[in-house]
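The structure appears below as structure tokens.
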Amino acid sequence: MNQKDHLIIFDTTLRDGEQSPGASMSKDEKIRIAKSLEKLHVDVIEAGFPAASPGDFESVAAVAASVKDSTVCGLARATDNDIDAAGKALKVANSARIHTFIATSPLHMEKKLRMTPDEVVERAVYAVKRARNYTDNVEFSPEDAGRSELDFLCRVIEATIDAGASTINIPDTVGYNLPDRFGQLIYDLRERVPNSDKAIFSVHCHNDLGLAVANSLSAVLNGARQVECTINGLGERAGNAALEEVVMSVQTRQDIFDCQVDHIDTTQIVNCSRLVSNITGFPVQPNKAIVGANAFAHESGIHQDGVIKHRETYEIMRAEEVGWNANRMVLGKHSGRNAFSQRLQELGCHFNSEKELNAAFASFKELADKKHEIYDEDLQALISDTLANEKNETVKLLSLKVTSETGETPRAALTLSVNNEECMVDASGSGPVDAVYNAIEKIVHSGAHLQLYSVNNVTDGTDSQAEVNVRLEKEGHIITGQGADIDIVIASAKAYITALNRFVGKNSPRQHPQKTETV
Ligand code: KIV
Ligand code: ZN
């Protein structure tokens with residue numbers, strides 16, 4: 001029997017995912033996600049855009065240092081500065097890739113780059129050659145390939161493969177393509193580019209028309225052997241192709257695909273999805289395929305009956321295959337520090353210091369006093385929350401008392417530490433959360449505008465922790481914040497404070513790889 005091809009899973013949650021407004025992550029958060037992706041056994045982790053800022057450079061270098069099994073990739077525009085930054089940030093990686101790109105659609109070349117097609121080809125070749133000085137593993141993307149002219153695409157691709165690119169990635173940058181056409185594009189490119197057999201063809205699809213996964217799979221059916229995707233489909237605008245959907249489609253429909261994803265440990269998918277959601281504050285919609293809370297829930301009596309009699313009547317995958325309920329260990333107030341830290345390690349959570357572990361264990365004990373059974377979801381929410389509070393944050397919540405009574409105006413008495421100085425205020429509001437936010441603003445005067453507020457229960461039951469997500473906007477910057485607590489109002493305060501702390505440091509300029517002038 002012929003061995004099927006390996007489909008390379010290239011995860012760009014830390015790069016394209018992070019480009020989605022409000023999803024920016026700290027270095028430590030990126031490391032936690034990278035570790036979780038490594039446990040998932042993704043082939044390539046695109047860790048960021050090192051030239052964006054010194055902080056981004058540091059994050060990519062830190063991911064490169066902590067990941068051992070997956071290839072770590074850095075994005076670079078086709079400029080000396082970007083390529084050198086990527087090369088340097090990836091120096092310590094076990095296996096490094098530089099991903100360089102330049103736009104090739106008539107619109108982008110004329111209006112964004114103000115370059116002629118000849119100049120673009122020349123620059124693309126130059127960039128690939130420069131990247132090859134740092135690593136043999138170079139990927140080239142003709143940005144906006146989905147709206148580029150076929151003849152010109154063939155020309156750029158042939159030239160960049162000759163220059164040493166071993167992966168050619170075809171981005172549908174604005175999510176404009178339809179599955180048939182996009183698959184045909186991959187087929188045509190592989191047929192027409194004379195040296196196409198010297199490179200792996202990859203795709204990178206955006207979800208503006210809700211077709212990112214469909215387009216990616218159509219490309220795979222036409223010979224693409226790498227898919228760029230993100231956990232939960234995070235990414236610019238409507239996002240990228242969701243990793244979990246791509247992987248499970250290929251795995252579930254092995255009767256159709258002539259490649260396989262056996263190397264991916266699919267049982268890690270739900271964990272990884274939760275981690276990304278906790279860290280970025282982008283909740284997963286309940287009906288989201290694979291990782292949504294309802295994805296494997298059977299409510300209708302008829303369905304349930306069918307599933308009980310014969311699982312396959314209504315289920316095409318097993319919930320356990322993607323990590324639902326797998327090893328869902330319950331901890332409680334009698335669980336010791338060892339059981340606690342071992343379970344966290346299994347969940348991919350590593351502490352930087354003993355102090356962090358102690359703080360997390362203290363929060364766990366506090367939670368266990370209030371909640372009988374503590375599940376993985378509780379632990380993940382608790383850790384994200386504790387680690388956020390452990391950082392040397394400017395604003396810290398010291399105490400909060402809220403009164404809310406029928407017919408009375410809710411009031412909040414709040415004490416914060418701001419730059420290590422204690423500040424106490426009282427404020428009222430139209431509801432208890434409004435009163436708390438008014439109180440915080442009375443002290444901090446951030447001037448931020450609350451764009452979004454949402455509460456989700458972390459587990460079943462009325463004793464569940466609440467996880468609050470907020471999105472704040474200030475002077476064009478969008479920041480999200482998360483907070484978890486058994487008490488919804490305290491979780492709300494924590495979320496708001498986390499977001500405020502993230503504004504600090506937001507003043508330092510950071511370049512967007514696709515929207516800033518370069519050449
Ligand atoms: O969407 C896109 O075109 C990109 C490129 C940088 C690959 O993200
Ligand atoms: Zn993209």
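The values are calculated or read from the model by the stated rules, or taken from the named source; none is laboratory data. Every value quoted in this text rests on a predicted model; they were computed, and no experiment measured them. Here the Cβ is made from the backbone with ideal geometry for all residues, glycine too, and neighbour counts use every protein chain on show.
Within segment 393-415, the residues that satisfy the criterion of being more than 17 Å from Asp485 (Cβ to Cβ) and surrounded by fewer than 19 Cβ atoms within 10 Å (Cβ to Cβ) are Thr394, Thr403, Glu405, Thr406, Gly407, Glu408, Thr409, Ala413. Please tell me if Ala65 is more than 16 Å from ligand 2 (Cβ to nearest atom) and crowded, with 24+ Cβ neighbours inside 10 Å. So Ala65 does not fit the description; no. Out of all the residues in segment 444-461, is one or more touching a Leu at 6+ places or on another chain (Cβ under 7 Å), in contact (Cβ under 8 Å) with a residue 12 or more places away in the chain and under 23 Å from Ser363 (Cβ atoms)? Checked segment 444-461: no residue is touching a Leu at 6+ places or on another chain (Cβ under 7 Å), in contact (Cβ under 8 Å) with a residue 12 or more places away in the chain and under 23 Å from Ser363 (Cβ atoms).
Among the residues of this structure, Ala51 counts as one that is touching a residue at least 12 places away in the same chain (Cβ under 8 Å) and buried (at least 21 other Cβ atoms within 10 Å of the Cβ). Looking across segment 197-230, just one residue is within 14 Å of ligand 2 (Cβ to nearest atom), small (Gly, Ala, Ser) and outside any helix (DSSP H, G or I), and that is Ser202.
Restricting attention to segment 165-194, the residues that are farther than 22 Å from Val138 by Cα, among the aliphatic types (A, V, I, L, M) and within 15 Å of ligand 2 (Cβ to nearest atom) total 1.
Is it the case, given these coordinates, that Cys272 is within 16 Å of ligand 1 (Cβ to nearest atom) and either within 15 Å of the chain's Cα centre (by Cα) or crowded, with 23+ Cβ neighbours inside 10 Å (or both)? The answer is no for Cys272.
Condition check ((1) among the small types (Gly, Ala, Ser); (2) in contact with a Ser or Thr (Cβ under 8 Å, 6 or more places away or on another chain)) across all residues:
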{"site": "Ala319", "(1), (2)": "yes, no"}
{"site": "Ala339", "(1), (2)": "yes, no"}
{"site": "Cys349", "(1), (2)": "no, no"}
{"site": "Lys355", "(1), (2)": "no, no"}
{"site": "Phe361", "(1), (2)": "no, yes"}
{"site": "Asp369", "(1), (2)": "no, no"}
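The condition of being buried (at least 21 other Cβ atoms within 10 Å of the Cβ), farther than 22 Å from Phe49 by Cα and within 14 Å of ligand 1 (Cβ to nearest atom) does not hold for Asn169.
Restricted to strands (runs of 3 or more DSSP E) entirely inside segment 415-519, those with at least 3 residues that are out of contact with any Lys or Arg (no Cβ under 9 Å at 6 or more places or on another chain) and either not charged (D, E, K, R) or not assigned by TED's automatic domain parsing to the domain that holds Glu377 (or both) are 421-428, 449-457, 466-474. Is at least one residue of segment 186-200 within 27 Å of Ala89 (Cα to Cα) and among the polar types (S, T, N, Q)? No, there is no match, as no residue in segment 186-200 is within 27 Å of Ala89 (Cα to Cα) and among the polar types (S, T, N, Q).
Out of the residues in segment 117-146 that are assigned to a helix (DSSP H, G or I) and within 26 Å of the chain's Cα centre (by Cα), which is farthest from Thr104 (Cα to Cα)?
Looking at the filtered set, the residue picked out is Ala131.
Only one of the listed residues (Thr230, Thr267) is more than 14 Å from the chain's Cα centre (by Cα), among the polar types (S, T, N, Q) and in the same structural domain as Glu158 (by TED's automatic domain parsing). That residue is Thr267. Among the residues in segment 433-454, are any in contact with a Cys (Cβ under 7 Å, 6 or more places away or on another chain) and farther than 17 Å from Lys333 by Cα? The answer is yes; a qualifying residue exists. Each residue in segment 335-375 was checked for being within 25 Å of Gly461 (Cβ to Cβ) and either surrounded by fewer than 12 Cβ atoms within 10 Å (Cβ to Cβ) or touching a residue at least 12 places away in the same chain (Cβ under 8 Å) (or both), and 23 pass. Scanning segment 185-204 for any residue that is within 28 Å of Ile279 (Cα to Cα), modelled with pLDDT of 95 or more and in contact with a Leu (Cβ under 7 Å, 6 or more places away or on another chain) turns up nothing. Of the listed requirements (1) in contact (Cβ under 8 Å) with a residue 40 or more places away in the chain; (2) touching a helix residue (DSSP H, G or I) at 6+ places or on another chain (Cβ under 9 Å), His263 misses just one: (2). In segment 25-51, the qualifying residues are those that are touching a Ser or Thr at 6+ places or on another chain (Cβ under 9 Å) and within 16 Å of ligand 1 (Cβ to nearest atom), and the one that is farthest from Lys515 (Cα to Cα) is Val44.
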